[in-house]
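Peer 1: Here it is, the structure in full.
The values are calculated or read from the model by the stated rules, or taken from the named source; none is laboratory data. Remember, predicted model here, so these are calculated numbers, not experimental data. In this analysis, Cβ positions are derived from the backbone assuming ideal geometry, glycine residues included, and neighbour counts consider all displayed protein chains. Note: areas computed on protein heavy atoms with side chains; ligands, DNA, RNA excluded. Shrake-Rupley method; radii C 1.70, N 1.55, O 1.52, S 1.80 Å.
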Amino acid sequence: MVQQTKSKYKKAAFGPNEVSVIFVLGGPGAGKGTQCEKLVNEYGFVHLSAGDLLREEQSRPNSQYGKLIADCIKAGDIVPQEVTIGLLKNAMKESVAKGKTRFLIDGFPRKMDQALKFEEDVAVSKFTLFFECPEEVMLKRLLKRGETSGRTDDNIESIRKRFVTFIETSMPVVDYFETQDRVVVVDCKQDPDVVYDNVKDALHARGIHLKQ
Ligand code: C5P
Ligand code: MG
């Protein structure tokens, strides 16, 4: 059994003593990015947003994935895992080279294949911070954000699709980690400062403390 676990993870790029990874999941508009920014300031995490990395890659001149990413994002679909994992792995390598090894990986894994492949090839996560939020609250936040974000998916049609993808494709990932007791749930419907207190309590309960 031990042997099996060892061989399964032996090709991961980063071992558990090299990096510490926390996944941050929650529906679109749950406030993942907002909370991650707060955590970066106080805890010294490196914040990697899978969505931000994809948007950056999409607008990189001559990217072979530009159109694929643009189409998936607008349709609220999940981009093929190898693209997103490649971007995350590169970003992690750059940070590790600078001695920054504590990661918050936001908006990832959004699909079972991403979860399995990342933990096999890149690193095993400590746990997943799951931001729980009613759909009507998320909808309100996204429509508000859409007034200024310039995002192609902050419109009612894309938002509806993103909600469906979240329930059908991303929630199974949360359920999977839950079976391994690797999910920490945070209530996210209140204002960002109140939510942040909940997040900090949740981290402290899991032994994560302020900047090292
Ligand atoms: O997290 P964010 O809302 O920025 O993600 C925007 C879009 O990027 C998602 O709706 C999806 O199309 C794509 N994405 C993905 N896989 C991820 C994260 C984001 O395909 N892990
Ligand atoms: Mg975000």
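Peer 1: Can you say whether G29 is within 16 Å of ligand 2 (Cβ to nearest atom), out of contact with any strand residue (DSSP E or B) (no Cβ under 7 Å at 6 or more places or on another chain) and either at pLDDT 95 or above or more than 25 Å from I78 (Cβ to Cβ) (or both), as far as the supplied structure shows? Let's see the steps before the verdict.
Peer 2: Numbers: within 16 Å of ligand 2 (Cβ to nearest atom): yes; out of contact with any strand residue (DSSP E or B) (no Cβ under 7 Å at 6 or more places or on another chain): yes; either at pLDDT 95 or above or more than 25 Å from I78 (Cβ to Cβ) (or both): yes.
Yes.
Conditions tested, residue by residue: (1) closer than 23 Å to A13 by Cα; (2) within 16 Å of ligand 2 (Cβ to nearest atom).
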{"position": "Q58", "(1), (2)": "no, yes"}
{"position": "D71", "(1), (2)": "no, no"}
{"position": "K100", "(1), (2)": "yes, no"}
{"position": "I105", "(1), (2)": "yes, yes"}
{"position": "K126", "(1), (2)": "yes, no"}
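Peer 1: While we're looking at this one, here's another question. So, D153, is that one touching a residue at least 40 places away in the same chain (Cβ under 8 Å), part of a loop (DSSP other than H, G, I, E, B), closer than 22 Å to C36 by Cα and of a type outside the set (K, R) or not? Even if it seems obvious, please write down each step before you answer.
Peer 2: Working: touching a residue at least 40 places away in the same chain (Cβ under 8 Å): yes; part of a loop (DSSP other than H, G, I, E, B): yes; closer than 22 Å to C36 by Cα: yes; of a type outside the set (K, R): yes.
Yes; evaluated as a whole, the condition is true for this residue.
Peer 1: Could you identify the single residue in G44, G29, G33, G66 that is surrounded by 21 or more Cβ atoms within 10 Å (Cβ to Cβ) and not aliphatic (A, V, I, L, M)? It would help to see each step written out before you state the result.
Peer 2: Working: G44 fails: surrounded by 21 or more Cβ atoms within 10 Å (Cβ to Cβ); G33 fails: surrounded by 21 or more Cβ atoms within 10 Å (Cβ to Cβ); G66 fails: surrounded by 21 or more Cβ atoms within 10 Å (Cβ to Cβ).
Unique residue meeting the criteria: G29.
Peer 1: Can I ask one more? Would you say F103 is in contact (Cβ under 8 Å) with a residue 12 or more places away in the chain, open to solvent by less than 10 Å² (accessible area, probe 1.4 Å) and more than 12 Å from ligand 1 (Cβ to nearest atom)?
Peer 2: Values: in contact (Cβ under 8 Å) with a residue 12 or more places away in the chain: yes; open to solvent by less than 10 Å² (accessible area, probe 1.4 Å): yes; more than 12 Å from ligand 1 (Cβ to nearest atom): yes.
Yes; evaluated as a whole, the condition is true for this residue.
Peer 1: Using the structure shown, decide if A13 is touching a residue at least 12 places away in the same chain (Cβ under 8 Å), over 30 Å from L210 (Cβ atoms) and surrounded by fewer than 17 Cβ atoms within 10 Å (Cβ to Cβ).
Peer 2: On the way: touching a residue at least 12 places away in the same chain (Cβ under 8 Å): yes; over 30 Å from L210 (Cβ atoms): no; surrounded by fewer than 17 Cβ atoms within 10 Å (Cβ to Cβ): yes.
No, not satisfied.
Peer 1: Take the residues in the range 111-134 that are in contact with a Pro (Cβ under 7 Å, 6 or more places away or on another chain) and crowded, with 16+ Cβ neighbours inside 10 Å, then tell me which one is nearest to P28 (Cα to Cα).
Peer 2: Restricting attention to the range 111-134, the residues satisfying the condition of being in contact with a Pro (Cβ under 7 Å, 6 or more places away or on another chain) are 112, 115, 118, 124.
After this cut, where a residue has to be crowded, with 16+ Cβ neighbours inside 10 Å as well, the list is 115, 118, 124.
Values: A115: 18, F118: 21, V124: 24 Å.
Selected residue: A115.
Peer 1: Next question, about the same structure. Given the residues K74, K38, which is the only one that is touching a Phe, Trp or Tyr at 6+ places or on another chain (Cβ under 9 Å), within 24 Å of G150 (Cβ to Cβ) and surrounded by fewer than 21 Cβ atoms within 10 Å (Cβ to Cβ)? If you could, list the steps in order and put the result at the bottom.
Peer 2: Working: K74 fails: touching a Phe, Trp or Tyr at 6+ places or on another chain (Cβ under 9 Å).
Matching residue, one of K74, K38: K38.
Peer 1: Can you run down the residue pairs with Cβ atoms below 7 Å, 6 or more apart or on separate chains, where the first is in the range 107-123 and near ligand 1 (Cβ under 10 Å from one of its atoms) and the partner is of a type in the set (D, E, K, R)?
Peer 2: So the pair list comes out as G107/K32.
Peer 1: A further question follows. Give the number of residues within the range 68-110 that are more than 23 Å from A30 (Cα to Cα) and touching a strand residue (DSSP E or B) at 6+ places or on another chain (Cβ under 8 Å).
Peer 2: 5
Peer 1: If you don't mind, another one. Would you tally the residues in the range 29-79 being polar (S, T, N, Q) and in a helix (DSSP H, G or I)?
Peer 2: Restricting attention to the range 29-79, the residues satisfying the condition of being polar (S, T, N, Q) are 34-35, 41, 49, 58-59, 62-64.
If we keep only those that are in a helix (DSSP H, G or I) as well, we get 34-35, 41, 58-59.
Final tally of qualifying residues: 5.
Peer 1: It is to be established whether one or more residues within the range 175-187 are within 15 Å of the chain's Cα centre (by Cα), at pLDDT 95 or above, more than 13 Å from ligand 1 (Cβ to nearest atom) and more than 22 Å from H209 (Cα to Cα). Reasoning before the result, please.
Peer 2: Kept after step one, since they are within 15 Å of the chain's Cα centre (by Cα), are these residues of the range 175-187: 177, 182-186.
Filter once more, keeping what is at pLDDT 95 or above: 177, 182-186.
Then drop every residue that is not more than 13 Å from ligand 1 (Cβ to nearest atom), which leaves 177, 182-186.
Okay, now just the ones that are also more than 22 Å from H209 (Cα to Cα), so 177.
Yes, there is a match, as at least one residue in the range 175-187 is within 15 Å of the chain's Cα centre (by Cα), at pLDDT 95 or above, more than 13 Å from ligand 1 (Cβ to nearest atom) and more than 22 Å from H209 (Cα to Cα).
Peer 1: Go through the range 173-212 and report how many residues are open to solvent by less than 60 Å² (accessible area, probe 1.4 Å) and in a loop (DSSP other than H, G, I, E, B).
Peer 2: Qualifying residue count for the region: 4.
Peer 1: Another question about this same structure. Filter the range 135-172 down to the residues that are among the hydroxyl-bearing types (S, T, Y) and open to solvent by 30 Å² or more (accessible area, probe 1.4 Å), then identify the one that is farthest from D113 (Cα to Cα).
Peer 2: Quick first cut of the range 135-172, residues among the hydroxyl-bearing types (S, T, Y) only: 148-149, 152, 158, 165, 169-170.
Checking the rest, the ones that are also open to solvent by 30 Å² or more (accessible area, probe 1.4 Å) come to 148-149, 152, 169.
Working: T148: 33, S149: 29, T152: 25, T169: 10 Å.
Applying the filter and picking the extreme gives T148.
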